[in-house]
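A short worksheet on the structure shown next.
Computed from the coordinates by the stated procedures, all read-outs in this text should not be read as laboratory data. Bear in mind that the values here come from a model prediction, so they are computed numbers and not experimental data. Positions of Cβ are backbone-derived with ideal geometry, glycine not excepted, and every protein chain shown enters the neighbour counts.
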Amino acid sequence: MTAPARIERRYSTCPHDCPSVCALDVEVLGPDRIGRIRGAASQSYTAGVVCAKVARYAQRVHHPTACCIP
Ligand code: SF4
C-alpha cells in the first residue's frame, strides 16, 4: 500500500462572467491535474461552498473527451 500523494491547495478566483466573483480553494494533484474545488473557507461569501457548476470542474476538464481547459 502506498501513501496518498500530498495534495497542495491554491487560492484562485472563479473565471466565469458572474457577479459573485467567488474566491476558490483548488486542490492541485499534479502539474496538469486538479482535484476538488471549494469556495474559499476564509471568505464569508463562499465559506467553503461553491456553485454546482464550478464544484465539478475537475470532472469537466479531465473528462476523456475534453479538448482543453476553459
Ligand atoms: S463559482 Fe459559481 S456562483 Fe461563484 S462566481 Fe463562479 S459561476 Fe458564479
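Rg(Cα) of segment 8-61 divided by 2.2 N^0.38 Å?
Cα Rg divided by the expected 2.2 N^0.38 Å: 1.05.
Taking all Cα pairs closer than 8 Å and separated by 6 or more residues, the relative contact order of the chain comes to 21 percent.
You can think of it this way: the chain between Val28 and Arg9 has 6.3 nm of extra reach, that is 0.36 nm per residue less the Cα-Cα gap.
Provide the packing ranking of 51-57, 16-22, 36-42, i.e. peptides ordered by the mean count of other C-beta atoms within 10 Å per residue, highest first.
Highest-to-lowest ranking by the protection proxy: 36-42, 51-57, 16-22.
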